[in-house]
Amino acid sequence: MPREQSIHAAGRGESRGQQCARPSAAKRGYDKHWKRLRLAHLSAHPLCVDCLAQGISTAASDVDHIRKFKKNDGGIDDALRLDPANLQSLCHSHHSMKTNRNDRPDRAASKVKGCTADGTPIDEAHPWST
Ligand SMILES: [Zn+2]
């Protein structure tokens with residue numbers, strides 16, 4: 001038990017440190033307007049579009065901006081941020097893959113875990129996928 005407590009304590013401390021250095025969710029563009037739009041989008045489009053493209057029905061947990069709403073100067077393009085046509089529903093694995101590929105090239109090599117019902121890896125970079 002003490003070992004588990006130390007692991008959780010370390011995780012919380014790291015998380016707090018990251019939150020302090022980062023602007024609030026609202027300042028990053030995830031305000032009440034976004035939350036409302038996100039819920040409406042997930043209600044209307046409950047399945048991951050990338051999984052559907054692979055013939056798999058997976059419940060979406062994330063709403064992705066197809067085109068980035070954050071400008072290169074750090075500003076926010078509100079028209080893109082709240083444009084329903086700029087949104088797509090994704091499962092967390094596919095959203096992480098897209099985010100890593102587009103926004104975090106330093107993490108692009110990270111692996112996405114999981115597979116389809118027939119055992120095909122979800123990670124498009126997996127050696128079995130080539
Ligand atoms: Zn998916």
- [ ] Return a yes/no flag: does region 59-70 have any residue that is out of contact with any helix residue (DSSP H, G or I) (no Cβ under 7 Å at 6 or more places or on another chain) and at pLDDT 95 or above.
- [x] yes
- [ ] All but one of (1) away from the ligand (no atom under 16 Å from the Cβ); (2) surrounded by 13 or more Cβ atoms within 10 Å (Cβ to Cβ); (3) assigned to a helix (DSSP H, G or I) hold for Gly29, so report the exception by its number.
- [x] (3)
Open item on the list: Scan region 107-118 and tell me whether some residue there is at pLDDT 95 or above, part of a helix (DSSP H, G or I) and away from the ligand (no atom under 13 Å from the Cβ).
Closed with: no
TODO: Can you confirm whether region 56-79 contains a residue that is in a loop (DSSP other than H, G, I, E, B), over 16 Å from the mean Cα position of the chain (by Cα), within 16 Å of the ligand (Cβ to nearest atom) and surrounded by 13 or more Cβ atoms within 10 Å (Cβ to Cβ)?
DONE: yes
Open item on the list: I need the full set of residues from region 32-55 which are among the aliphatic types (A, V, I, L, M) and within 11 Å of the ligand (Cβ to nearest atom), in order please.
Closed with: Leu47, Val49, Leu52, Ala53
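The values are calculated or read from the model by the stated rules, or taken from the named source; none is laboratory data. Predicted, not measured: the structure shown is a model, and the values here were computed from it. Cβ sites come from the backbone with ideal geometry, for glycine too, and all protein chains shown count toward neighbours.
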